[in-house]
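The values are calculated or read from the model by the stated rules, or taken from the named source; none is laboratory data. This structure is a prediction, so every number in the text was calculated from the model and none was measured. Methodologically, a virtual Cβ is constructed for each residue, glycine included, from the backbone with ideal geometry; neighbour enumeration extends over all protein chains shown. Ligands, DNA and RNA are stripped out before the accessible areas are found, and what is left, the full protein with its side chains, is counted by its heavy atoms. Shrake-Rupley method; radii C 1.70, N 1.55, O 1.52, S 1.80 Å.
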Amino acid sequence: LFLASFAAVTAAARVDNAGIQKIPELSALLRDAMAEVAAIAKAKGIALPADALERNYKFVASMPGAMKASMAHDLDRGNRLEVEGLSGTIVRLGKELGVPTPVHRALHAVLLPHKDGKPA
């Protein structure tokens, strides 16, 4: 719930947690991304606590404003991205399980051109 969603949003939007908290549309995007992961877990028969989505969402709100996922730092530095292992996996599982993943599909698409980083 947390990692794939927070990494994709901070990298794609190029913001830290303060930016997510300040911009309601980004906060909603993060929540929607987390909900997609929860839906995939449910479809796979993985029992998450009933409050898992809310707890993860509140956890992000409690983190320092300057916090960004390592994928966002990698993007800033021109390094390779773990986008395939995060949002790419969510998208692939969604297809396999018949679970819509429009948020992760969009975040994956936006980050895909940067997956190999920039040549040194």
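Let me check against my output: what whole-number percent is the relative contact order of the chain, with C-alpha pairs under 8 Å and at least 6 apart?
Result for the chain is 36 percent.
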* the chain - percent of accessible surface contributed by carbon and sulfur, probe 1.4 Å -> 59 percent
* Computed P(r) (all Cα pairs; the range 42-120; 5 Å bins; percent) -> 3, 13, 17, 18, 21, 16, 8, 3, 1, 0
* Asked: residue 72: net charge of surrounding residues, Cβ under 9 Å, Lys/Arg +1, Asp/Glu -1, itself excluded?
  -> -1
* Once you sort the root eigenvalues of the Cα gyration tensor of the range 68-112 as a ≥ b ≥ c, which label holds: rounded (a/c under 1.5), prolate (a/b larger than b/c) or oblate (the other case)? -> prolate
* To do: Go through the range 90-105 residue by residue and turn each phi into a ³J(HN,Hα) via Karplus (6.51, -1.76, 1.60, θ = phi - 60°); whole Hz please, and just put x for glycine and proline.
  => 4, 5, 4, 5, x, 4, 4, 9, x, 9, x, 9, x, 6, 5, 4
* **Cβ-Cβ FRET estimate between residue 14 and residue 55, R0 fixed at 35 Å, reported to 0.05** => 0.85
* Structure fact -> Nearest-0.05 FRET efficiency for residue 62 and residue 28 at R0 = 22 Å, using Cβ-Cβ distance, is 0.75
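Where does each of 101-114, 42-55, 78-91 land if you order them by average Cβ count within 10 Å, highest first?
Details: 101-114: 18.6, 42-55: 11.4, 78-91: 20.1.
Ranking, from highest mean packing down: 78-91, 101-114, 42-55.
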* Asked: Taking residue 42 as the anchor, which lysines have their alpha carbon closer than 28 Å to its alpha carbon, excluding any fewer than eight residues away along the same chain?
  -> 58, 68, 95
* Structure fact -> the range 71-120 and the range 9-48 have their Cα centres apart by a whole-number Å value of 13 Å
